[in-house]
Structures are given as structure tokens and as C-alpha cells.
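The values are calculated or read from the model by the stated rules, or taken from the named source; none is laboratory data. These numbers come from a predicted model, not from an experiment. As a convention, Cβ positions derive from the backbone with ideal geometry for all residues, glycine included, and neighbour counts pool all protein chains shown. In case anyone asks, the SASA skips ligands and DNA or RNA and just uses the protein heavy atoms, side chains included. Shrake-Rupley method; radii C 1.70, N 1.55, O 1.52, S 1.80 Å.
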Amino acid sequence: GRDLICIQSMDGMLMLFEQESYAFGRFLPGFLLPGPLTYSSRTDSFITVSSCRQVESYKYQVLAFATDANERQETEQQKLSAGKRLVADWVLNIGEQALDIRVVSFNQAVSSVFVLGERNFFCLKDNGQIRLMKKLDYSPSCFIPYCSVKEGTINTLVGNHSKMLNVYQDVTLKWATQLPHVPVSVKVANLQDLKGVIVTLSDDGHLQCSYLGTDPSLFQAPRVDSREINYEEFDAEMKELQKIIKEATKTQDIFPKSEKHRDLIVTAEVSPDLDAESQAIDSEVKAEAVPSVTVKITIQSRVTAQKPNLAVCVQAPLAVTCDQFVFDDLEPDSSETVVLSVFLKGNCSPSELEGNCVVSCNTPTGIPKVAQCNFRLPLRLICFPAQPSKAANHKLTIDTNKPPISFLTIFPDFVDPSEDDQANVLGFQFLTGSKTTLLASKTSQRYRIQSDQLEDLWLITKELTLRLEEHFKKQNCKDFACTFSGSIPLQEYFELIDRHFELRLNAEKFQELLSERAVQFRAIERRLLTRFKDKTPAPLQHLDTLLEGTFREV
């Protein structure tokens with residue numbers, strides 16, 4: 001009656017939970033990268049494929065009594081005296097990486113472990129012995145063993161990167177069909193009275209329900225008795241059937257409607273100017289003023305909408321003054337409007353300046369309705385004009401196929417029209433303190449973005465390309481393109497990641513040190529209070545001196 005959960009981490013640790021309580025953790029031996037993981041209830045084992053290209057099975061009982069994950073770096077003496085070392089129940093070398101593992105048990109077939117490799121798929125017995133193996137002449141993307149239609153055999157669906165779905169009975173190809181996309185996951189489902197529906201998911205999130213052909217009709221119509229036809233009964237039955245068809249097509253729309261004919265619409269309008277009085281609350285930014293911008297969101301419904309729920313999302317460290325709204329029921333052809341503000345809450349730059357609105361509700365007949373829209377936030381929300389910098393540590397050059405456009409045209413919100421020197425050079429001061437400079441070449445079709453911090457190049461680069469595309473789109477120019485011909489700054493990128501994790505580790509060590517000191521303080525306090533229990537409180541000044549010295553050390 002309890003939920004048992006196993007989580008595999010990126011460093012090879014299996015964490016076991018009983019309900020919400022952490023039970024224990026174990027490191028898999030010889031771990032490099034995580035592979036597919038599944039559980040076999042028949043043998044009470046976890047089965048995975050390691051970086052050694054081996055299928056490995058570990059019994060739950062062995063995991064429970066093995067050395068704890070906190071003692072991974074144990075000494076030789078601890079190895080002799082601590083718990084048992086983690087040993088696999090069985091190992092099978094398949095010689096390739098695995099995409100997925102499935103444990104299946106059907107009425108007409110023995111329990112089996114299926115492994116989909118890069119060029120083969122394997123069917124194993126519970127003890128790791130190969131029951132059958134099929135070499136594939138294509139690159140698979142997903143699979144699912146779904147049933148046993150003949151005693152002793154198992155049917156399997158295998159999708160590949162050629163947009164094909166193959167049906168195997170053991171190792172024999174029984175059917176192949178074309179899909180409109182490359183499936184990354186496949187399942188077999190029963191939807192209402194329709195059995196055997198193939199549900200596939202593409203890498204861009206499209207879900208498709210397919211059906212292979214039709215069921216054979218085993219019904220034989222009986223011989224019709226010769227009798228006179230009652231045309232009035234037929235006419236009444238036809239009218240009744242037409243009424244049912246009309247009602248069904250009215251409530252169930254198969255094809256998506258155009259935007260103006262949708263039952264539920266949500267729109268977002270971002271104010272062109274920043275708020276005169278900032279609505280920023282609890283901001284961690286250390287700037288003198290943290291601006292905000294107003295977003296007006298309107299919900300329109302052509303049908304009765306029961307308790308519409310609106311959610312507004314922005315990319316952290318951006319935040320909104322309110323991100324959830326619940327409305328009363330909306331009557332047909334009515335609307336509801338809310339106003340909120342967006343501001344920079346965290347003391348770092350966001351990765352994008354876009355937001356998303358999602359509204360959901362039910363109609364009185366129980367049909368769910370969902371609508372969403374995106375909105376774009378102004379660049380002035382996170383930075384303001386500043387003096388350009390002549391030198392910088394990081395530079396990025398964007399090539400275009402059109403002459404450079406004056407910044408007076410594409411960045412009017414950052415340029416003073418009275419200053420001609422800003423036509424081809426701009427400075428952006430981020431609220432977080434860093435600065436980025438944008439330059440347009442006078443002799444070539446290039447733009448340069450430069451900053452002392454690599455991460456500050458991205459937002460200005462994206463804003464530049466977006467504004468250039470919008471400018472040339474208004475000019476009815478369809479062949480405009482931005483390109484980057486330089487080398488990708490991978491070394492600087494990796495150094496940035498290393499610094500991030502070093503800061504994180506230092507913070508964790510600092511937290512551990514504070515916890516240790518807190519324990520020491522409590523112990524000192526207990527000893528001193530016991531020692532000076534019946535004496536004057538003057539010696540407690542020594543405690544203040546001791547605490548002050550310890551905090552100075554921390």
C-alpha cells in the first residue's frame with residue numbers, strides 16, 4: 001500500500017524513497033554516464049545499461065545491505081568493517097549503448113527483459129541469458145513490447161529515424177508503416193471502444209493517435225425476408241439519425257478553428273513605456289531604481305466559461321506582481337481584463353525577455369478549453385543607456401547581407417536624437433552592474449557586440465537580430481539574414497560554468513561550517529552554564545570573546 005520511488009542521479013547514485021521519506025542511497029560501481037533504468041517486480045531487481053555497454057541487474061535486497069552512498073570514499077580499513085560492497089546479480093555485455101529497457105510479462109509468454117540498442121534489440125530471460133536478438137538495419141528511436149497474440153511469442157513496435165514504425169513478432173517483421181514524424185516515444189492504448197490505438201510523440205511535442213487498417217468483419221448478414229418497406233418508418237429514423245449527427249458535429253470539433261472563431265482567446269498587451277512608479281517588490285537587485293512595465297491581459301469567451309484560471313509565466317530572475325488569477329464564470333461573448341507588472345527580481349540578467357499566458361476553463365458540458373499567448377518585454381526593463389566602452393574582454397561579430405542600419409532607427413528607445421555620434425555605437429548598462437557595447441561598422445555589413453562578461457553578450461545580440469528582422473520585414477525585404485562566421489567561444493563558456501559550480505560548492509561548504517560551529521556553540525554554552533551555575537555572571541564575558549573570535553574565523 002506504499003509508493004516506492006527510485007531516482008537515478010547524474011553521478012550514478014540510486015536514491016530510494018518510501019512515500020516522501022528518503023530510505024537510502026547507493027552508488028552504482030564503475031559509473032560514468034546514466035543509462036536507461038527499469039524495475040522487475042518478478043525478481044525484485046533494478047536493471048540498467050552501464051557505460052561499459054553491459055546490462056546489469058541489482059537486487060533490491062543487495063542494494064539495501066550494501067555500503068551507504070555517503071561512504072563512497074571509504075578507506076581500506078572501512079571496506080573490511082563496513083557494509084557489503086554492491087555486486088550485480090548478473091551482467092550481460094551487449095556491445096552497444098541502450099536507448100530503452102522494458103520488463104514485460106504476458107499471459108501467453110514468459111517474463112522477459114527487452115533492451116533496445118543502437119543497432120539491435122535484445123530479449124533476455126530473468127537471469128540475463130539471451131532469449132532472442134534482432135539486428136536492425138536502421139537507427140531506432142523508441143520501442144514498446146505490447147502484447148502476445150501467439151503462445152510463446154511477443155509483439156514489439158520499433159520506431160526509427162526514417163519516420164517508420166515496424167511491427168515484429170519476436171524477430172520476424174510482420175508489418176511496417178510510415179509516420180509523419182520521428183517518434184521518440186510510443187505506446188499502445190485503448191480509447192473508448194477503439195482498441196489497439198498507436199500513440200506516438202515527436203521530438204517537437206506533437207502527439208498522434210494512429211490506427212493500423214480496419215478490423216475484419218466476421219458478421220454475415222442473414223437472409224432478408226421479403227416484406228413490404230414502410231417508408232414512413234424509414235423517413236422518421238433518417239430524421240432522428242440526422243439530428244444525432246448534427247448534435248455530435250456541433251460539440252466535437254476535429255479541426256482547429258481560426259483565431260477569430262476560437263471559443264476562448266487570451267491576448268497580452270505590453271505597455272510601450274515603463275511604469276511611472278515602479279511596482280517592483282522584494283527585488284534583490286542593488287541598483288538605485290528597479291523599473292517595472294505594465295502588461296494588460298484580456299480573456300474573451302464565445303461560450304460559457306466556468307471558473308477560468310489564468311497563469312502568467314516569465315523567465316526567472318524576472319517576476320510578476322501576481323501570476324495566478326481565478327475568475328467567476330464568463331457569459332458567452334464576454335471578456336475579463338487584468339493588469340499586472342513585470343520587474344527584475346534576482347540580481348542577474350534573464351536568458352530571455354518573453355512571457356507566456358495560459359488560461360483554462362470548462363464549458364457547462366464538461367469540455368475543457370485552453371488558450372495561450374506569448375508577449376515580449378522591453379529591453380529597458382533590465383538595462384538603460386550608458387557610455388560605450390572602447391575595450392572589452394569578450395567580442396562577438398554578426399554578419400548581415402544588408403547595409404548597416406542606424407541605431408537611431410532600430411534603437412530609438414536607447415538613443416538621443418540630438419546626438420549624432422550614437423548612430424553607430426551604443427552603450428547598455430545592466431541593472432546588475434555590468435555593461436555591454438554595440439557597434440555598427442561604417443564600411444561593412446557587420447555589427448559588433450562586446451562586454452567584459454561573456455553572459456552579457458546574449459540578450460543584446462538577440463535584441464539586435466530581432467529588431468533588424470522586424471525592420472527589414474516592414475521594408476518588405478524577405479532575403480535578410482544574420483550569420484556568425486567566428487569561432488564559438490567554448491573555452492570561455494566552460495570556464496563560466498566552472499566558476500558557477502565553484503561558487504556553489506563554496507556556499508555549501510560555508511553552510512556546513514556554520515552548522516558545525518552552531519553545534520560547538522551549544523556545547524560550549526552548556527558547559528559554561530553548568531560551570532558558573534551558582535556563581536556571578538561576570539565570567540560569561542569570556543563566552544562573548546570566544547564567540548566573537550569564532551565568528552571572525554568563519
>> I need the Debye-formula profile for the stretch 149-198: one equal scatterer per C-alpha, no solvent, reported as log10 I(q)/I(0) at q = 0.18, 0.22, 0.23 1/Å, two decimals.
In response: -0.65, -0.89, -0.94
>> 7 Å from Cα along Cα→Cβ at both GLN108 and LEU173: what's the point-to-point distance in nm?
In response: 2.3 nm
>> Could you tell me which residue out of THR436, PHE31, PRO180 lies farthest along the dipole of the chain toward its positive end? Charges go on the beta carbon: Lys and Arg +1, Asp and Glu -1, centred on the Cα centre.
In response: PHE31
> In the full protein assembly as shown, how much of ARG504 is accessible to a 1.4 Å probe, in Å² to the nearest 10?
Replying inline: 130 Å²
> Given charges of +1 on the Cβ of Lys and Arg and -1 on the Cβ of Asp and Glu, with all other atoms neutral, how large is the dipole of the chain about its Cα centre, in debye to the nearest 20?
Replying inline: 1540 debye
> Residue-wise, which Karplus ³J(HN,Hα) couplings in Hz belong to the stretch 288-293, taking 6.51 cos²θ - 1.76 cosθ + 1.60, θ = phi - 60°, and x for glycine or proline?
Replying inline: 4, 9, 10, x, 9, 10
>> For the chain, what does the helix formula give at 222 nm: sum of -39500 (n - 2.57) over DSSP H segments with n ≥ 4, over the residue count, nearest 500 deg cm²/dmol?
In response: -6500 deg cm²/dmol
> Taking only C-alpha pairs under 8 Å that are 6+ residues apart, what is the relative contact order of the stretch 115-196 in percent?
Replying inline: 21 percent
>> Looking at the calculated P(r) for the stretch 382-486, what percent of the C-alpha pair distances fall above 17 Å?
In response: 50 percent
> What is the set of long-range amide H partners of ASP89 at a cut-off below 5 Å, with H atoms built 1.01 Å from backbone N?
Replying inline: SER57, TYR58, LYS59
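With the full set of protein chains in place, find how many percent of the accessible area of the chain is carbon and sulfur; take the probe as 1.4 Å.
Working: 18250 of 35450 Å².
After summing per-atom areas, the C and S share lands at 51 percent.
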>> Taking the solvent-accessible surface of protein heavy atoms with a 1.4 Å probe, what is the per residue accessible area of the chain in Å²?
In response: 64 Å²
> Counting other Cβ atoms within 10 Å, which GluC sites (Glu not before Pro) in the stretch 1-72 have at most 10 and lie in a DSSP loop?
Replying inline: GLU20
> In terms of modelled amide H atoms, which long-range or inter-chain residues lie less than 5 Å from the amide H of THR321?
Replying inline: SER341
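If packing is taken as the mean number of other Cβ atoms within 10 Å per residue, what is the order of 289-301, 367-379, 185-197, highest first? Could the numbers behind the result be given before it?
Numbers: 289-301: 19.3, 367-379: 15.2, 185-197: 12.3.
Packing order, densest peptide first, comes out as 289-301, 367-379, 185-197.
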>> I'd like the Karplus ³J(HN,Hα) series for the stretch 273-278: coefficients 6.51, -1.76, 1.60, θ = phi - 60°, whole numbers in Hz, and an x wherever there's a Gly or Pro.
In response: 10, 6, 4, 4, 10, 4
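For the peptides 401-414, 333-346, what is the packing order when you average, over each peptide's residues, the other Cβ atoms within 10 Å and list the highest mean first? Intermediate results must be reported in sequence, preceding the final value.
Working: 401-414: 15.6, 333-346: 17.4.
Packing proxy ranking, top to bottom: 333-346, 401-414.
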>> If amide hydrogens are placed 1.01 Å from N in the peptide plane, which non-local residues have theirs closer than 5 Å to the one on SER51?
In response: LEU32, LEU33
> Quick one: Debye curve from the C-alpha atoms of the stretch 264-380, no solvent, what's log10 I(q)/I(0) at q = 0.10, 0.14 Å⁻¹?
Replying inline: -0.33, -0.60
>> Of ILE524, LEU191, ALA236, which is farthest towards the positive pole of the chain's charge dipole, taken about the Cα centre with +1 and -1 on the beta-carbons of Lys, Arg and Asp, Glu respectively?
In response: ILE524
> Ranked from the most accessible area to the least, with a 1.4 Å probe and all protein chains present, what is the order of ASP44, ASP203?
Replying inline: ASP203, ASP44
>> Greater than 21 Å separation of Cα atoms is the criterion. Which listed pairs, LYS435/LYS509; LYS135/LYS174; LYS187/LYS369; LYS296/LYS474; LYS307/LYS369, meet it?
In response: LYS435/LYS509; LYS187/LYS369; LYS296/LYS474
> With contacts defined as alpha carbon pairs under 8 Å and 6 or more residues apart, what's the relative contact order of the chain in percent?
Replying inline: 6 percent
> To the nearest 10 square angstrom, what accessible area does THR249 show with a 1.4 Å probe?
Replying inline: 90 Å²
> Using a basic spin-label model with each label point 7 Å from the Cα along Cα→Cβ, how many nm lie between ILE229 and VAL270?
Replying inline: 6.6 nm
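To two decimal places, what compactness ratio does the chain give when its Cα radius of gyration is scaled by 2.2 N^0.38 Å?
1.37
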> Picking from ASN424, PHE501, ASN374, whose Cα lies most toward the positive end of the charge dipole for the chain (charges on Cβ: Lys, Arg +1; Asp, Glu -1)?
Replying inline: PHE501
